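Just so it is clear, none of the values below were taken in a lab; they were calculated from the coordinates. All figures in this text were calculated on a predicted structure; none of them were measured in a lab. Because the Cβ atoms are built from the backbone with ideal geometry, glycine has one as well, and the counts that use them run over all protein chains shown.
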């Protein structure tokens, strides 16, 4: 194939993936999708390997191809015009029940070309609590409806019985139905684009372009692997608790880098716990892939070829490899910690390329209002990222596992939900001090205009982000519920009643510092003081040398 045709087809495949993403955003019904962007889309080749993935949740890396491989291995029949749905957390592509994968096979005549796939967080999938994920679910059965690779469409015909089962088991049937149909429309749009490419250039050309993308992805990964420090590197950490207020959970990883492979071994991590912070092996794979992808060139299209050198080891039954029916509703706490562990193990050996620790937790929050069809606000909250070589950390940025997602905008939030956003600000003094300081956390204060219940599943509330190369730790995340009779503070709350006029305050932590604080340039400390990033008392505690120099200069 000539390189010009190859480039055109490969570019068109990437555009098809992006069009699936854009269609989903434009047609969905829930703010968690069209505003927060808690979803991802992509194209998977007919053997089950990811060809290209759209924007969205970084922590879904591997979910799309994992779900397609599960379909292929299951032997379930599929044909032109089919759409299948799956959300089982314990099989390929699974995370938690709220994340539903839809798969549409793409044919040209009788030849299977690829699969158009989208994974989206539905606001409601039923279960014991509004918003479906909660902190106190005893098992997977309390977390919502399970979809074990069922047909939503067969040969182009909507399967009304399946749709009715879904809508009868959720608290928000209209918006859930709307999100389902938006997802169907999105992947069918992608399917038409892939089929159109094959009609124009030939099926063999499209298949060859997919294979070329995969081979190129593997070459990129192996070149990056050769440039990494070789050897074995370890890291340990603690998750705040078991999700129910129990003891901290010990986690660890050993990274071995050779010319041939990148092995992440999590042996020694604590067993699965009673709370919902566990994740399953597919979520662990997504977490490790996120870290590995961060080590590769950013401008390259992400595909499964890039992960050919990656190996993951972890015995079953740990907090990273939970088994049915252990609850996994707030799985992101474990999955994102796996990403952080890999980076923490490598960071001291990367010459400042990897930043210090960041707020990490998705800081998942549900504010559920009542009514005939409840209004359920779900959003992640960004915090401070760590400093790196020659660069201060970013402030109020979404954590690594959530990628392109974002908190709700004030305009959308106040239009859809009965609340007022009274404050959105950066938190002074929340950064970890260092030669390069960490970024700041943020404070979001909502005053409720109607009675509601609040559920939060926040991590990093006890053990703050780690500093690097002598940098100081960042600050922890914190939820504050300002009620008329009392004020509650913590990280994990379960359906706490909040009355009209009371406030929910969400305060994320700041990132860790990089390098010793005494080495920070005096002019940078002066700038931070001038811009209100740090206070004089903070500067006096962490930058005494610089403060003394500034006093000397002022008096001179």
(message) Between 0 and 90 degrees, rounded to the nearest ten: what's the tilt of helix 203-227 against the longest Cα principal axis of the chain?
(response) 30 degrees
(request) Determine, from the Cβ-Cβ distance of residue 110 and residue 244 and an R0 of 35 Å, the FRET efficiency 1/(1 + (r/R0)^6), rounded to the nearest 0.05. (result) 0.10
(message) In segment 188-211, whose amide N lies under 14 Å from the spot 7 Å out along Cα-to-Cβ of residue 15? List them in ranges.
(response) 190, 193-198, 200-201
(request) List 328, 479, 342 from most exposed to least, where exposure is judged by having the fewest other Cβ atoms within 10 Å. (result) 479, 342, 328
(message) What distance in nm separates the two pseudo spin-label positions at residue 177 and residue 219, each 7 Å out from Cα along the beta-carbon direction?
(response) 5.1 nm
(request) Please give the helix 3-27 orientation as an angle from the longest Cα principal axis of the chain, in degrees from 0 to 90, rounded to the nearest 10. (result) 70 degrees
(request) Quickly work out the residue 26-to-residue 518 label distance, labels modelled 7 Å from Cα along the C-beta direction, and quote it in nm with one decimal. (result) 6.0 nm
(request) Output the peptides 504-515, 400-411, 40-51, 372-383 sorted from most to least packed, where packing is the average of other Cβ atoms within 10 Å over each peptide's residues. (result) 504-515, 40-51, 372-383, 400-411
(message) Please give the Cα centre distance for segment 433-456 versus segment 61-115, rounded to the nearest Å.
(response) 37 Å
(request) With label points built 7 Å along Cα→Cβ from the Cα atoms of residue 353 and residue 496, find their separation and express it in nm. (result) 4.3 nm
(message) Going by Cα centres, segment 123-182 and segment 1-60 are how many Å apart?
(response) 23 Å
(request) Could you grab the relative contact order for segment 3-218? Cα pairs under 8 Å, six or more apart, rounded to a whole percent. (result) 24 percent
(message) What does the C-alpha gyration tensor say about the overall shape of the chain? Classify as rounded when a/c is under 1.5, otherwise prolate if a/b is larger than b/c, or oblate.
(response) oblate
(message) Checking the a/c ratio against 1.5 first, then a/b against b/c, what shape does the Cα gyration tensor give for segment 277-331?
(response) prolate
(request) Measure nothing fancy, just the Cα-based angle from helix 63-74's long axis to the longest principal axis of the chain, in degrees from 0 to 90, nearest 10. (result) 40 degrees
(request) Could you calculate the contour length gain from residue 410 to residue 263, that is, 0.36 nm times the residue separation minus the distance between their Cα atoms, to one decimal place in nm? (result) 48.6 nm
(message) How high is the relative contact order of the chain? Use alpha-carbon pairs under 8 Å, at least six apart in sequence, and give a whole percent.
(response) 13 percent
(request) For segment 3-218, just list the percent of Cα-Cα distances falling in each 10 Å bin from zero outward, please. (result) 9, 37, 36, 14, 4, 0
(message) Tell me the mean residue ellipticity at 222 nm calculated for the chain from its helices only (DSSP H runs of n ≥ 4, each -39500 (n - 2.57), averaged over every residue, nearest 500).
(response) -9500 deg cm²/dmol
(message) I need 141, 107 ordered by Cβ neighbour count within 10 Å, fewest first.
(response) 141, 107
(message) Please state the shape class of segment 324-443: rounded when a/c is under 1.5, otherwise prolate if a/b exceeds b/c and oblate if not, all from the C-alpha gyration tensor.
(response) oblate
(message) Counting other beta carbons within 10 Å of each residue's own, what order do 119, 492, 154, 200 fall into, fewest first?
(response) 200, 154, 492, 119
(message) Quick check on packing: order 289-295, 120-126, 33-39, 447-453 by the mean number of other C-beta atoms within 10 Å, highest mean leading.
(response) 120-126, 33-39, 289-295, 447-453
